[in-house]
Structures are given as C-alpha cells and as structure tokens.
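For reference, the structure is listed below as structure tokens.
Nothing in this text is a laboratory measurement; each read-out follows from the coordinates by a stated rule. Keep in mind that this is a model prediction, so the values were computed, not measured. We place every Cβ from the backbone using ideal geometry, glycine too, and count neighbours over all the protein chains shown.
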Amino acid sequence: MLPELETLLDTTPEDARTGWIANPLPIDSENFFGDRPTPKELAKLKKRLSNVAIAEQFGVSETAVRKWLADPSRLKAESQISEVQRLTKERVGRVLGLIGQKADVVVQEKDDELRKRLKYASAHDIRRGCAQRLINQGVSAETLKLILRHSDFATTEKFYGAVKSVQSASLEIRNLDSKAANEEASQFNPSELEKLRKLLSQL
C-alpha cells in the first residue's frame, strides 16, 4: 500500500471501516456508454467502415471495437449490465478511457510507418504515472514489481530500466554542464574576475 492511500484510509474512523474501501456510484450504462450494435449490425458495419469509424459512431475506443469483433458475445453481455450494478474495474477503465478521449489527451500519436495507432489517456496511464513518480522518488525495481503486481520481473525491468536510463542521462548532462561552468570560472584569477565584472557593469 502506498503511503498516500494509507493516510487517506486513516481519516476514516475505526467504527466506520466496513464495506468497500472504494465504492464508486453506479452509472446509467445506456446514457453514458450509448447504444451498442447487435453482432449482426456490427458485421454489416465492418463491411463498410473501419474500426475507428465504428468506435466514433458508438463513443468507444478502437480497442473496444476490436474486442467486439473478436468476441461478439461481449456485446450481449454489455447490453445486459444492470444500471444499478456496482461499477467493476473494467467499467471504471472504460469510463476513464472515454474521459481521456473526450478531453483529447493523446498519449501516442498515430504513425503509419511505425504501425502505431492514435491512443488517448486511459486508466493504464494513471498506473504508469504512479510508477513514474515512484521511480523518481528512488524506489527500487524489486519494490516497484511488488507494488505494480507484475507476475514477471522482466516487465518491471523493461519499464524501470528505460526510465532510469533517461534519468541517468539527464543527470550526467547536468553534471557535465556544471563541471564545464566551474572549469570556465577557474580560468580567471580574482583580479581578472573583478576587471570582468567592471567591464560588464559598464555595458
């Protein structure tokens, strides 16, 4: 548990610590997520529209459309969600994804050459941001693996290593700049520095 969460939880009186720690209110799925196509309608749409166009039509991500196409039974399951049902982590993820899309927070630009698609901020970016802040505070890769609950250390190491490499490069450049500035300053003796100051003050 991160210290900030522990501090937040400690604000709840002990006699009130019952039920869910986080219990987001249910959302009217019909109004929030919009209509969903039936599997037959989706098949027809796919013949004449791209995944992106279908996603825009139904107010969902392109990833959601790909999942519908891979498993049409998802559509039936989504349409049967009760509007009074407690929000699941999947639905919270969808809500955050839609917020990122509506707010136009782009985390990856489209690049056809590199075969990268346009990506908007999602729940995963909040998780990635948390990991970034922990690394900035000096948390080790081993600790980060436990916090992020990665099953494979290679996943943590890949992300951690990339971030630490960038930080190390930045620190090295700053140190070089500082060293160069000190070396330049040391080329002048005190009387020369005083003359230089006087000249600069006359400009």
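Some observations on this one:
- Members of K102/K164; K110/K145; K40/K110; K44/K67 lying beyond 25 Å, as alpha-carbon distances in this model show: K102/K164; K110/K145; K40/K110
- Scoring 60-66, 105-111 by mean Cβ neighbours within 10 Å over their residues and listing the highest first yields 60-66, 105-111.
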